[in-house]
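**Student:** Have a look at this one before I ask anything.
Values in this text are rule-based calculations from the coordinates and carry no lab data. These figures come from a predicted structure and were not determined experimentally. With ideal geometry, Cβ positions are generated from the backbone for all residues, glycine too; neighbour counts draw on all protein chains shown.
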Amino acid sequence: MNIDNIKSQFPIFSKKINGKKLVYLDSANSAQKPIAVIKRLDDFYKNEFSNIGRSIHSLAVNATNKFDETRELVKDFINADSKEEVIFTKNATESINLVASSFGKHNIKKGDEILITELEHHSNYVPWHYLRESKGAIIKFAPINEDGDIIIEEFKKLISNKTKIIAITHLSNVTGTIVPIKEIVEIARKKNIPVLVDGCQSAPHIKIDVKDLDCDFYAISCHKVYGPTGVGVLYAKKKWLEELPPYVGGGGMISEVNKNTITYAPLPEKYEAGTMPTAEVVAFSQSIKFMNSIGIDNIVNHEKEITNYALDKMKKINAVNIVGNPKNKAGVISFTIKGVHPHDISTIVDEEGVAIRAGHHCCQILHQKLGLLATARASIGVYNTKEDIDMLCHSIEKCRKVFDL
Amino acid sequence: MDLKELYQDIILEHGKSPRNFGKCEGYNRHANGHNPLCGDHVKIYVKLNEEKKVENLTFEGSGCAISIASTSIMTELVKGKSFVSAQKIISDFLNMIKSSSEMQSTELNEDQKTKIMSLSGVKQYPMRVKCATLAWHTLTSAIEKKGEKVNTEVSDK
């Protein structure tokens, strides 16, 4: 497949924004959808729709099988041992909440410590805060340096006999830092501490191999992987899924219900209560196929080329400051322009059809650490080209002009 | 949409060199405002004298050009007004930003109205309205001595 033709698979790029060609640089927020995903949603609702796992009529059997096919594809995509280790959720936020709640129930007591980092998105902090409130747990933040890298030595020092779980991002949605998860897990293993990885930003952009990482939990947001909204994935080692209590209770997750006792369904259904986003999960199969058809190595190389091109070009613009300079960086470029607030940047570049994000990107701890209230962020997806970056830089120049810098 | 209408010279100028910036001496009313979408904060300080006149009005905080300019212009126009007059100007401004095409109030002269109307460009940018209104909601909280923290996600609903 030719990486240059990928854009043509995304119908949205034929639309004009403010009369201009759309330059979409907000994929870290949510990615656009290829036609195959959109068609699959449409097709499933038109021709195949049924709920899954309950009725035994033909439509239900087919829908159940299609739902299961996505699970199989996800399993291979992340190299899990079995399909039972792949739980579908509402989103990655719910995946992390599931672990915080189910793991926290019996494994976290007053004074126990949860180790996270200053890079975390609010969705990998707030669920742990609930345990701080309900159980009296302590949350420790592993510090980052000014480049946006986690200081491993400091990280090690924060591990104590009371550390019960480590929750850490694989790829920062602000600095683009790719965190050395394998190294982190090796450190954790020595103390027998489970590790949850927030894989929201990594899943669409770098190779995920949960067996190689040896992490205990891995959360994925499907809409960032060119898939439909309303679907997330939680990978967890089977032993945890067997041991931990279910999260949401309801239909579909039970084995037998009596007036006095309830037993739960086997994996993975134990964690999938109520009607699932059936069509969306089915359509997510097309996102994985889309990723596989290009090949993760090609995606990594392409995005690296575009990212380096962007960094080189943006650094040459006076007044632009790139936030962070991590050792290993993916296509997330947060920046500031001296004298122009990020919200003003976003409004001005939007007039040129350039979609970026401005704000704290749900990372207030990180912004506080960096001494910033807000940043502008251009994030790269597989469909972005050097022309997109040229247009971004042109529109940044326009900010300078409007503000007479 | 026209960027020039949003970023008029007067807005850019107030954004760069805000008036009445800092904590004023002897303030007796104050309130904090917060826009959770972007993390912007503003602190409003009011010195209300015995005749219930806004003797001094200043602010601290950081934000985009629209928010700083709106706050700066607000302090200029409300300073020196009576409590009642200030309330009228605030509600007139909030009406103008949301729906009405002009400032109706008789509290301001034509020059002042022209100045305040420079902010009307944000109407075309619904996501930016909160940038312009944050300080005004916060001023209400300060002068009415509600003392509660203003949050644009609540005030603008």
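**Student:** Just want to confirm a number: the relative contact order over chain A, from Cα pairs under 8 angstrom separated by 6+ residues, in percent. If you can, show how the numbers build up before the last one.
**Tutor:** Numbers: 787 pairs, mean separation 95.8, N = 405.
For chain A, the relative contact order is 24 percent.
**Student:** Taking +1 at the Cβ of each Lys and Arg and -1 at the Cβ of each Asp and Glu, which of A:SER293, A:PRO194, A:ALA376 sits farthest along the dipole of the protein assembly as shown towards its positive end, judged by Cα position relative to the Cα centre?
**Tutor:** Result: A:PRO194.
**Student:** Please report, in debye to the nearest 20, how large the charge dipole of segment B:3-155 is about its Cα centre when each Lys and Arg carries +1 at its beta carbon and each Asp and Glu carries -1 there. List each step's numbers first, then the result.
**Tutor:** Values: 21 positive and 18 negative charges, 54 e Å.
Computed charge dipole of segment B:3-155: roughly 260 debye.
**Student:** Here's another thing I want to ask about it. For segment A:365-405, what is the charge dipole size about the Cα centre, in debye to the nearest 20, if Lys and Arg each add +1 at the Cβ and Asp and Glu each add -1 at the Cβ? All intermediate terms of the calculation are to be shown ahead of the outcome.
**Tutor:** Details: 6 positive and 5 negative charges, 41 e Å.
With only Lys, Arg, Asp and Glu charged at Cβ, the dipole is about 200 debye.
**Student:** Same structure, new question: What distance in nm separates the two pseudo spin-label positions at A:ASP147 and A:SER58, each 7 Å out from Cα along the beta-carbon direction?
**Tutor:** With each label point 7 Å from Cα toward Cβ, the separation is 6.2 nm.
**Student:** How big is the charge dipole of the protein assembly as shown about its Cα centre, in debye rounded to the nearest 20, if each Lys and Arg gets +1 on its Cβ and each Asp and Glu gets -1 on its Cβ? Don't skip to the answer; put the middle values down first.
**Tutor:** Working: 74 positive and 69 negative charges, 152 e Å.
Dipole magnitude for the protein assembly as shown comes out near 740 debye.
**Student:** Right, here's the next one. Please identify the helices of chain B, taking whole runs of DSSP H, that span at least 18 Å along their own axis as judged from the Cα atoms and have a mean Kyte-Doolittle score of -1.0 or higher.
**Tutor:** Numbers: long enough: B:65-78 (19 Å, 1.41); B:83-98 (23 Å, 0.68); B:129-143 (22 Å, 0.89).
Both cut-offs are met by B:65-78, B:83-98, B:129-143.
**Student:** Just A:LEU213, A:LEU196, A:LEU366 to compare: in a GNM of chain A, with alpha carbon springs under 10 Å, which one fluctuates most?
**Tutor:** A:LEU213
**Student:** Sticking with this structure for a sec: Charges on Cβ only, +1 for Lys and Arg, -1 for Asp and Glu, centred on the Cα centroid of the protein assembly as shown; of A:MET253, B:ALA86, B:GLY61, which one is farthest towards the dipole's positive end?
**Tutor:** B:ALA86
**Student:** What is the helix-to-structure angle for A:126-135, meaning the angle in degrees between its Cα long axis and the longest Cα principal axis of chain A, kept from 0 to 90 and rounded to the nearest 10?
**Tutor:** Helix A:126-135 and the main axis of chain A meet at about 50 degrees.
**Student:** Next up: Evaluate the distance, in nm, between pseudo-label points positioned 7 Å from the Cα of A:ASN318 and of A:GLU48 along their respective Cα→Cβ axes.
**Tutor:** 5.8
**Student:** A further question follows. Mind giving me the FRET efficiency for A:ASP404 and A:LYS289? R0 is 60 Å, r the Cβ-Cβ distance, nearest 0.05 is fine.
**Tutor:** Working: r = 50 Å, r/R0 = 0.83.
Once rounded, the FRET efficiency stands at 0.75.
**Student:** Another question about this same structure. Which one, B:THR140, B:THR114, B:THR75, has the greatest fluctuation when you compute a Gaussian network model over chain B with C-alpha springs under 10 angstrom?
**Tutor:** Taking springs between Cα atoms under 10 Å, the residue moving most is B:THR114.
**Student:** Still on this structure: List the trypsin sites (Lys or Arg not before Pro) within segment A:18-94 that fall in a DSSP loop (any state other than H, G, I, E or B) and whose Cβ has at most 14 other Cβ atoms within 10 Å. Could the numbers behind the result be given before it?
**Tutor:** Working: sites: A:LYS20, A:LYS21, A:LYS39, A:ARG40, A:LYS46, A:ARG54, A:LYS66, A:ARG71, A:LYS75, A:LYS83, A:LYS90; in loops: A:ARG54, A:LYS90.
Passing both the DSSP loop test and the Cβ count: A:ARG54.
**Student:** Looking at the protein assembly as shown from every direction and averaging, what is the projected area of its Cα convex hull in nm²? All intermediate terms of the calculation are to be shown ahead of the outcome.
**Tutor:** Numbers: hull surface 118.3 nm².
For the Cα atoms of the protein assembly as shown, the hull's average projected area reads 29.6 nm².
**Student:** Specify the residue with the greatest mean-square fluctuation among A:ASP68, A:ASP216, A:ASP198, computed from a Gaussian network of chain A linking alpha-carbon atoms under 10 Å apart.
**Tutor:** Largest GNM mean-square fluctuation: A:ASP68.
**Student:** Further question: If you take the beta carbon distance between A:LYS157 and B:GLN112 as r and set R0 to 56 Å, what does 1/(1 + (r/R0)^6) give as a FRET efficiency, to the nearest 0.05?
**Tutor:** Numbers: r = 59 Å, r/R0 = 1.06.
Rounded to the nearest 0.05, the efficiency is 0.40.
**Student:** Same structure, new question: Write out the GluC sites (Glu not before Pro) in segment B:35-93 meeting two conditions: DSSP loop, and at most 14 other Cβ atoms within 10 Å of their Cβ. Can you show the working numbers first?
**Tutor:** Working: sites: B:GLU50, B:GLU51, B:GLU55, B:GLU60, B:GLU76; in loops: B:GLU50, B:GLU51.
Of the GluC sites (Glu not before Pro), the ones in loops of segment B:35-93 whose Cβ has at most 14 other Cβ atoms within 10 Å are B:GLU50, B:GLU51.
**Student:** Continuing with this model, one more query. If the reach is capped at under 18 angstrom between alpha carbons, list the lysines near A:LYS110, excluding any in the same chain fewer than eight residues apart.
**Tutor:** Here the lysines satisfying the reach criterion relative to A:LYS110 are A:LYS135, A:LYS140, A:LYS162, A:LYS164.
**Student:** Another question about this same structure. For B:MET127, put the label point 7 Å out on the Cα→Cβ axis and report which residues of segment B:46-88 keep their amide N under 19 Å from it.
**Tutor:** Once the point is set 7 Å along Cα→Cβ of B:MET127, B:63-68 turn out to lie under 19 Å by backbone N, inside segment B:46-88.
**Student:** Another question, then. Calculate, for A:ASN298 and A:VAL257, the FRET efficiency according to 1/(1 + (r/R0)^6) with r their C-beta to C-beta distance and R0 45 Å; round to the nearest 0.05. Mind dumping the intermediate values first?
**Tutor:** Numbers: r = 49 Å, r/R0 = 1.09.
Once the sixth-power term is evaluated, E becomes 0.35.
**Student:** Here's another thing I want to ask about it. Going down the list A:LYS369/B:LYS43; A:LYS7/A:LYS33; A:LYS7/A:LYS313; A:LYS33/A:LYS327; B:LYS123/B:LYS149, which pairs span over 20 Å between their C-alpha atoms? Mind showing how you got there, number by number?
**Tutor:** Details: A:LYS369/B:LYS43 22 Å; A:LYS7/A:LYS33 10 Å; A:LYS7/A:LYS313 22 Å; A:LYS33/A:LYS327 30 Å; B:LYS123/B:LYS149 25 Å.
Among A:LYS369/B:LYS43; A:LYS7/A:LYS33; A:LYS7/A:LYS313; A:LYS33/A:LYS327; B:LYS123/B:LYS149, the Cα-Cα distance tops 20 Å for A:LYS369/B:LYS43; A:LYS7/A:LYS313; A:LYS33/A:LYS327; B:LYS123/B:LYS149.
**Student:** Oh, and also: Taking every DSSP beta bridge with both residues inside the protein assembly as shown, roughly what % is antiparallel (nearest 5)? Intermediate results must be reported in sequence, preceding the final value.
**Tutor:** Details: 44 of 65 bridges.
So the antiparallel bridges amount to about 70 percent of the total.
**Student:** Kindly provide the helix-only [θ] at 222 nm of chain A, computed as the sum of -39,500 (n - 2.57) over DSSP H runs of four or more divided by all residues, to the nearest 500 deg cm²/dmol? Walk me through the intermediate numbers first.
**Tutor:** Values: 13 runs with 152 residues, N = 405.
That comes out to -11500 deg cm²/dmol.
**Student:** Straight-line reach only, C-alpha to C-alpha below 16 angstrom: list the aspartates and glutamates that A:LYS109 could link to, leaving out same-chain residues fewer than 8 apart.
**Tutor:** The qualifying aspartates and glutamates are A:GLU133.
**Student:** Compare the peptides A:305-311, A:185-191 by average per-residue count of other Cβ atoms within 10 angstrom and give them in order, highest first.
**Tutor:** Details: A:305-311: 18.3, A:185-191: 14.9.
Ranked by mean Cβ neighbours within 10 Å, highest first: A:305-311, A:185-191.
**Student:** Run the paramagnetic zone check for A:TYR264: 7 angstrom along Cα to Cβ, then residues of segment A:198-240 with backbone nitrogen under 18 Å.
**Tutor:** The answer is A:216-219, A:233-240.
**Student:** Treating the angle as unsigned and between 0 and 90°, give the value, to the nearest 10°, between the Cα long axis of helix A:58-78 and the longest Cα principal axis of chain A.
**Tutor:** 60
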